[in-house]
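What follows is a set of notes on a single structure, which appears directly below.
Throughout, read-outs are computed from the coordinates displayed, never taken from laboratory work. Note that the structure is a prediction, hence the values are computed from the model and not measured. No Cβ is skipped: glycine too gets one built from the backbone with ideal geometry, and neighbour counts run over all protein chains shown.
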Amino acid sequence: MFEEIAKQQPPLLQRWFAPDFSQPSYLRARWIWLRALGGIFFSAFYSLYFQIHGLIGPNGILPAASYLDAVRSALGGKGYWYAPTLLWLSASDRALSALVWIGLAASTALILNLWPRVSIAVAGVCFLSFISAAQDFASYQSDGMLLEAALISTFFAPRGIRPGLGADQPPSRASLFMLRWEWFRIYFESGLVKILSGEPQWRNLTAMDKYYENGPLPSWIGWHVQQWPHGFHAATAATTLIVELFIAWLVFFPRGARRICFLITTPLQIGIILTGNYAFLNYLVLFEGFLLLDDELFRLPSLDPRPSSPSYASAIVLPLIFITTVFGFFMPGLPFVRLLEPFRVANNYGLFAVMTRARYEIEFQGTADGKTWIAYPFRYKPQDVRKRPGLYAPYQPRFEWNLWFAMLGSWTENRWVLNTEVRLLENQPSVLRLFASNPFANKPPIAVRALEWQYWFTSRDERQKTGAWWRRELIGPYAPEAHRTPEGTITFGE
């Protein structure tokens with residue numbers, strides 16, 4: 001009977017886009033991945049709960065409403081495709097709060113395995129709505145990784161409100177392949193760009209010598225690891241290249257090879273999580289790696305075949321993503337490749353192609369009298385040299401992350417730094433919540449400036465003598481000072 005049903009469908013559609021009851025199955029790996037995906041989404045929205053108003057609220061650093069108005073003026077109706085976001089309806093503080101709360105609810109439902117397909121879709125739409133309006137605060141590869149994984153997972157997840165393991169609807173071959181394809185590309189493309197960039201530090205295996213010190217948000221574990229000898233760092237640099245360029249290919253090999261791949265890549269991701277704070281990026285790669293494991297490892301019984309039909313939606317969407325990612329890597333300028341760019345679901349990846357040579361930090365300072373300058377304390381970034389670096393991931397403080405990226409360029413390329421100075425002059429509560437405290441709670445400052453510092457990890461001897469985790473040196477002004485005139489207007493000057 002089942003053979004007759006299968007013959008009624010085109011063989012290719014049935015084989016790749018219908019539930020796959022053949023052995024091995026991947027029910028337990030799917031269950032683990034989807035719960036992790038819910039947790040990753042929850043971490044993203046939880047982070048936004050504390051930040052979204054200060055980042056893109058009406059009184060934030062880069063108001064979404066102003067941005068969308070500019071998009072509409074410049075592109076007309078095409079702007080809705082260029083910026084696919086629910087915030088076109090409203091970008092008020094209330095709308096931003098609703099976006100976060102709905103995203104948190106959908107993430108929780110996915111963690112609890114409630115209506116997983118709908119939960120992924122809702123969380124994905126809410127996250128895309130933020131990303132599409134967040135401007136400079138949404139320029140991270142991890143955002144694209146999450147959105148791509150979410151779209152594929154809507155076809156990978158079982159249907160129903162309480163599907164359990166979904167033994168009656170195992171994942172299709174295509175959806176499993178596409179999630180593995182994303183996992184593979186994150187590794188392989190990252191390895192490839194390290195070679196193609198010509199970065200000498202990867203060629204001479206010194207890329208890891210200062211890696212722990214110079215990342216966006218170092219951890220205290222990273223401080224300790226950086227004290228280890230160059231031989232260890234050279235070995236980890238070589239291992240990184242081997243894993244990304246060669247070991248990752250084992251995902252396309254039989255079961256035994258995939259298990260070996262899992263056993264090699266999993267400790268690598270755990271090590272990155274412990275020594276750096278890269279938000280949810282490494283959690284996503286870590287748990288996507290569980291899709292290399294089949295149910296034989298978890299000792300689940302074989303599936304009972306039953307009639308099934310292919311998903312015609314996945315037969316359109318998944319090949320489109322695959323083709324776009326292939327052409328996008330080799331010919332990113334093709335029109336049909338750029339068509340999907342606003343949705344961030346068919347991306348190119350390439351992590352640490354060029355290593356950061358030194359650590360520079362921006363510090364905002366204000367003054368109430370024009371003489372005494374007081375620093376605005378950060379929550380997570382290095383600032384107080386005696387404060388121990390923390391472990392924050394998967395939480396992502398986007399404002400502080402962006403300050404690290406801003407230091408890789410000039411203020412003219414990061415004019416949002418000037419916007420921050422203005423908001424601090426105004427004592428805007430939503431922006432001040434991005435900081436640990438407000439040193440001008442009683443009265444706004446009359447001027448705000450952004451200074452540039454260089455930071456280094458201390459050595460073991462320095463830390464033992466001084467108790468400091470960092471040492472720092474003032475470089476000078478990063479951006480023009482913002483001043484409030486007696487008339488109340490704000491001007492910029494040296």
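One Cα centroid belongs to segment 412-448, the other to segment 456-494; the line between them spans 15 Å. Annotation: extensible slack from Ser92 through Ser22 equals 20.2 nm (criterion: 0.36 nm per residue apart, minus Cα-Cα distance). Each Lys and Arg Cβ is given +1 and each Asp and Glu Cβ -1; about its Cα centre, segment 1-125 then shows a dipole of about 100 debye.
Phe253 sits among other residues whose Cβ lies under 14 Å from its own Cβ, and their net charge, with Lys and Arg +1 and Asp and Glu -1, is +3. Packing around the peptides 117-127, 372-382, 227-237, taken as the average count of other Cβ atoms within 10 Å per residue, puts them in this order, highest first: 117-127, 372-382, 227-237. The value for segment 359-493 of Rg(Cα) / (2.2 N^0.38 Å) is 1.09. Our helix-only sum for the chain, with -39,500 (n - 2.57) per DSSP H run of n ≥ 4 divided by its residues, gives a mean residue ellipticity at 222 nm of -15500 deg cm²/dmol. Kirkwood hydrodynamic radius of segment 445-494, from the reciprocal of the average inverse Cα-Cα distance over all distinct pairs: 13.3 Å.
When the alpha carbon gyration tensor of segment 179-312 is reduced to an equivalent ellipsoid, its three semi-axes come out at 33, 16, 14 angstrom, largest first. The largest-to-smallest principal axis extents of the Cα set in the chain are 87, 56, 41 Å. Relative to the dominant Cα principal axis of the chain, helix 141-156 is inclined by about 30°.
One compactness figure for segment 222-267 is 1.41, namely its Cα radius of gyration divided by 2.2 N^0.38 Å. Measuring r between the beta carbons of Trp228 and Phe298 and using R0 = 30 Å, the FRET efficiency lands at 0.25. Rounded to the nearest 20 debye, the dipole magnitude of the chain is 680 debye, with +1 charges on Lys and Arg beta carbons, -1 on Asp and Glu beta carbons, and the Cα centre as origin.
Note on segment 391-430: the alpha carbon radius of gyration divided by the globular reference 2.2 N^0.38 Å gives 1.34. For the chain, the longest principal axis of the C-alpha atoms and the axis of helix 173-196 are separated by about 40°. Helix 27-56 axis versus longest C-alpha principal axis of the chain: approximately 30°, rounded to the nearest ten.
The residue among Trp373, Leu334, Leu351 whose Cα reaches farthest toward the positive pole of the charge dipole of segment 325-374, with charges on the beta-carbon of Lys, Arg, Asp and Glu, is Leu334.
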